[in-house]
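What follows is calculated from the coordinates using simple rules that are stated; it is not laboratory data. On a predicted model such as this, the values are computed, not experimentally measured, just so you know. Cβ atoms come from the backbone with ideal geometry, glycine included; neighbour counts cover every protein chain shown.
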Amino acid sequence: MENRVAIEITDGVADVRLVRADKMNALDVAMFEALVAATERLSKEKGLRAVVLSGEGRAFCAGLDMVRFAAMKENGGNGIAGGEKRDLTIRTHGKANFAQQAVWGWRQLPVPVIAAVHGVAYGGGFQLALGADMRYVAPDTKMSIMEIKWGLVPDMAGTPVLATLVRDDILRELTYTGRVFSAEEGQAYGLVTRICADPRAAALEAAREIAGKNPDAIRAAKRMLNNLSVDPGPALLAESVEQQKLIGSPNQLESVRANIEKRAPKFAD
């Protein structure tokens, strides 16, 4: 986990950092594993009061590793050796599959999680930010529900969270187009909690403030607020069912090839 996610805990506040800076913290298999391991570790951490999740280097998280898409272009499947045989609908973590747990695990932590977002948060990286209770975002950050660019749908637990945050027509537009939007737009949509010149510093300050409150009340509040949402189970399963049908299909592979080859796609009806 150490070469993908670093965790430092001080006075009950966990400072969690994605540390694959040379790849803009892109999501490869090791990053997925490290994110799930991080939530599992923190869920058992005694004295934990709050969590700040950020990315080192130029970006919070650029989304799925381009190496995965290159492998998908050549070999089909999902870009993982043997991955074409993986059943996404199998629930490995309660109502979630393994990839979803990399995001949903932050929602399941008993304490508040603040994502400090800068640079870009694209595709799976944006969904990762959605796993937090709150999102503090740098003014020049660019975000996108970018899966459609690759002929895919969001499938990392983003949809049940998005449904609670953003107006239905805005959610549809962003999902259908993959349009890149700014921090200011994100705040207007309900996706950004606060725009901060230094989001990590602001998030740590807020986390320390939360850590100074009655921990029983904070944990009770998170349980209560989580229960305001509709049952995420059907949405999480629907993500997996729809994505599984798309991965490796002719038009999805054409989306990948066209993007990598920098040409207009030619889709079949």
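Values as computed for the structure displayed
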{"quantity": "Linear extension gain, residue 67 paired with residue 209, 0.36 nm per residue minus alpha-carbon span", "calculated": "47.1 nm"}
{"quantity": "Under 16 Å from residue 23, Cα to Cα: aspartates and glutamates that are on another chain or at least 8 residues apart", "calculated": "2, 56, 65"}
{"quantity": "Proximal lysines relative to residue 44, as straight alpha-carbon distance under 21 Å, when same-chain residues fewer than 8 apart are discounted", "calculated": "95, 213, 222"}
{"quantity": "Sequence ranges 149-161, 212-224, ranked by mean other-Cβ count within 10 angstrom, highest first", "calculated": "149-161, 212-224"}
{"quantity": "Most positive-pole-ward Cα, 187, 218, 170, against dipole of the stretch 150-251 from beta carbon charges", "calculated": "218"}
{"quantity": "15 Å beta-carbon shell around residue 20, net charge (K/R +1, D/E -1)", "calculated": "-1"}
{"quantity": "Sequence-distant residues sharing a close amide H with residue 97 (under 5 Å, placed H)", "calculated": "92"}
{"quantity": "Given (i) 49, 42, 33; (ii) 58, 37, 37; (iii) 70, 66, 29, the label whose value is Cα extents along the principal axes in Å derived from this model", "calculated": "(ii)"}
{"quantity": "Point-to-point label distance, residue 140-residue 45, nm (Cα→Cβ direction, 7 Å offset)", "calculated": "3.0 nm"}
